[in-house]
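Q: Quick one: this structure, given as structure tokens, is what I'll be asking you about.
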Amino acid sequence: MRSKTLFKVAAVAATLALTGCASKIAQPEKYSGFLKNYSDLKETTSASGKPELRWIDPHYNPANYDNVVYKPIIYYPVPKPTTQVGEKALTQILNYTNQQMKKAISEKKPLATTVGPRSLIFRGAITGVDTSKEGLQFYEVIPVAMIVAGTQMATGHRTMDTNLYFEGELIDPKTNKPVIKVVRKGEGQDLSNENTPLTADTLKAVIDEMAIDAVKFDPTQK
């Protein structure tokens, strides 16, 4: 009887471990609707090797454009603050994202305030900031560790993953259609438990990576 019980416990632990292996890219259920079409996105890697979903118009030629009109990044949909992700943190995250991305885009092309005949329009959104309990690791798939880990999860002392979701596009105003679309999921710093507040610092590295990849982006890598 005891061996059967231990087997069941180990089986449950193994299932949780596998479930905890979250995808590195945004899944369809995470698409916000900020972009009009997601069906043409393809999984690829950024300049720094980060996974992302991307589409580039096969006729896109950056030489046809002289500047970019930067539309400030927004939250889409508008998030509701929680005890772990407060309003102050959400504001700081959004401000820092705009600061870094605007600077990055300006390094690729000059920024303009009005749309001209050779402009591109940038629009982007943070479509999710979330936290979730980490899945069990394989080394925990033994009865005693399973009991300890299960207790940690039940009492809120389990380490929490953090993620930031971003969707963005460059639009040709002459056609009002995108020439580049990107959907990205970034993993922030872990939180020690569900009572630990998320701050802007938790996700700064994710935002910095996005900005660096925007600067290094090569449109010929389609």
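The values are calculated or read from the model by the stated rules, or taken from the named source; none is laboratory data. Fair warning: this is a prediction, and the values are worked out from it, not measured in the lab. A quick note on method: Cβ atoms are made from the backbone with ideal geometry, for glycine too, and the neighbour counts reach across all protein chains shown.
Q: Quick one: count up the residues across the stretch 116-134 that are modelled with pLDDT of 90 or more and either out of contact with any Pro (no Cβ under 7 Å at 6 or more places or on another chain) or β-branched (Val, Ile, Thr) (or both).
A: Total satisfying the criteria: 13.
Q: Could you tell me which residue of the stretch 32-49 is farthest from ALA214 (Cα to Cα), considering only residues that are in contact with a Leu (Cβ under 9 Å, 6 or more places away or on another chain) and not acidic (Asp, Glu)?
A: Checked the stretch 32-49; the qualifying residue farthest from ALA214 (Cα to Cα) is TYR38.
Q: While we're here: What about ALA14, is it aliphatic (A, V, I, L, M), in contact with a strand residue (DSSP E or B) (Cβ under 6 Å, 6 or more places away or on another chain) and modelled with pLDDT under 95?
A: no
Q: Please enumerate the residues belonging to the stretch 79-116 that are over 12 Å from THR199 (Cα atoms), within 16 Å of the chain's Cα centre (by Cα) and either in a loop (DSSP other than H, G, I, E, B) or among the hydrophobic types (A, V, I, L, M, F, W, C) (or both).
A: PRO79, MET101
Q: Here is a further query. For the stretch 159-192, enumerate the residues that are surrounded by fewer than 20 Cβ atoms within 10 Å (Cβ to Cβ), in a loop (DSSP other than H, G, I, E, B) and either at negative phi or acidic (Asp, Glu) (or both).
A: Result: THR159, PRO173, LYS174, THR175, GLN189, ASP190, SER192.
This table checks each residue for (1) small (Gly, Ala, Ser); (2) crowded, with 17+ Cβ neighbours inside 10 Å; (3) touching a Gly at 6+ places or on another chain (Cβ under 8 Å); (4) more than 30 Å from MET160 (Cβ to Cβ).
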| residue | (1), (2), (3), (4) |
| --- | --- |
| TRP55 | no, yes, no, yes |
| HIS59 | no, no, no, yes |
| TYR75 | no, yes, no, no |
| GLY124 | yes, yes, yes, no |
| THR131 | no, yes, no, no |
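Q: Identify all residues within the stretch 193-214 that are part of a helix (DSSP H, G or I), surrounded by 17 or more Cβ atoms within 10 Å (Cβ to Cβ) and not acidic (Asp, Glu); write none if there are none.
A: ALA200, THR202, LEU203, LYS204, VAL206, ILE207, MET210, ALA211, ALA214 - these are the residues of the stretch 193-214 that are part of a helix (DSSP H, G or I), surrounded by 17 or more Cβ atoms within 10 Å (Cβ to Cβ) and not acidic (Asp, Glu).
Q: Another one. For residues that are hydroxyl-bearing (Ser, Thr, Tyr) and in contact (Cβ under 8 Å) with a residue 12 or more places away in the chain, scanning just the stretch 26-43, find the one that is farthest from GLU167 (Cα to Cα).
A: By that ranking, first place goes to TYR38.
Q: Which one of these does THR162 not meet: (1) within 13 Å of the chain's Cα centre (by Cα); (2) among the polar types (S, T, N, Q); (3) modelled with pLDDT of 95 or more?
A: (3)
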